[in-house]
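No lab work stands behind these numbers, since they all come straight from the coordinates. Bear in mind the structure is a predicted one, so any value in this text is a computation, not a measurement. Here the Cβ is made from the backbone with ideal geometry for all residues, glycine too, and neighbour counts use every protein chain on show.
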Amino acid sequence: MESDPGGCGARRIAHIGLGSNLESPVEQVRRAFDELDALPQTRLRARSRLYHSRPMGPQDQPDYINAVAALETGLDPLPLLQALQGIEQGHHRVRRRRWGARTLDLDILLYAGLVIDTPELQVPHPGLHQRGFVLHPLRELLPGDFVIPGRGRLDALVAALPPQDLEPCR
Ligand code: ROI
């Protein structure tokens, strides 16, 4: 039997991207931070500022509020994904069209340095390295020399971003 003195399983750091552009987005994101902290075997260890961003994708939708959370969790990646989907459903997330407006989007950006490539889950998140609304808040929580598996240093990725309509909102 493996040693597990605390009896709670291995705890790993996962970074979660939060986004909302419907029904009081700031409130949606603030509530989601609390709900992440309340997940089983999970604590919210850090949160970025909230950012106001122009939509990527279809432009006929409201601007977004984005942020990133760092969780310490005993949940494996797929149970964590399912727990995030449960939170999204609690925010009445409706999938109307691809890249459409949403009350709450929760993405696993990074999980304990792992690379996961399955039909259900890709980690690092496939769009992460090109999205200012993900990289800027992530950079608040990780050092510039942090290496995103398969994508390179975080500070280099941030430096390579095109100028974006993105600003911290608190
Ligand atoms: N655009 C912004 N600015 N923020 C998001 O969180 C976001 N999420 C998405 C798409 C529709 C790609 N665009 C976004 O899923």
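Taking region 13-29 as the range and being within 18 Å of residue 136 (Cα to Cα) and more than 15 Å from the ligand (Cβ to nearest atom) as the test, only 14 passes.
Residues being touching a residue at least 60 places away in the same chain (Cβ under 8 Å), under 22 Å from residue 50 (Cβ atoms) and either within 17 Å of the chain's Cα centre (by Cα) or assigned to a helix (DSSP H, G or I) (or both) are represented in region 114-126 by at least one member. Among the residues of region 66-84, those identified as in contact (Cβ under 8 Å) with a residue 12 or more places away in the chain, away from the ligand (no atom under 11 Å from the Cβ) and either surrounded by fewer than 17 Cβ atoms within 10 Å (Cβ to Cβ) or more than 19 Å from residue 116 (Cβ to Cβ) (or both) are 72, 78.
Looking only at residues in region 85-110 that are within 16 Å of the ligand (Cβ to nearest atom) and among the polar types (S, T, N, Q), the one that is surrounded by the most Cβ atoms within 10 Å (Cβ to Cβ) is 103. Of the set (1) under 20 Å from residue 31 (Cβ atoms); (2) part of a strand (DSSP E or B), all apply to residue 110 but (1). Under the condition of being touching a strand residue (DSSP E or B) at 6+ places or on another chain (Cβ under 6 Å), within 10 Å of the ligand (Cβ to nearest atom) and not hydroxyl-bearing (Ser, Thr, Tyr), the residues counted in region 42-54 number 1. Residues in region 127-147 that are without any contact (Cβ under 8 Å) to a residue 60 or more places away in the chain, more than 14 Å from residue 161 (Cα to Cα), assigned to a loop (DSSP other than H, G, I, E, B) and touching a strand residue (DSSP E or B) at 6+ places or on another chain (Cβ under 9 Å): 144, 145, 146. Reported count of residues in region 60-88, each being assigned to a helix (DSSP H, G or I) and closer than 15 Å to residue 25 by Cα, is 2.
Assigned to a loop (DSSP other than H, G, I, E, B) and away from the ligand (no atom under 16 Å from the Cβ): is that true of residue 39 in this structure? Against the criterion (assigned to a loop (DSSP other than H, G, I, E, B) and away from the ligand (no atom under 16 Å from the Cβ)), residue 39 qualifies.
Scanning region 113-167 for residues that are farther than 23 Å from residue 77 by Cα and either buried (at least 18 other Cβ atoms within 10 Å of the Cβ) or touching a His at 6+ places or on another chain (Cβ under 9 Å) (or both) turns up 132, 136, 157, 158, 160, 161, 164, 165, 166, 167.
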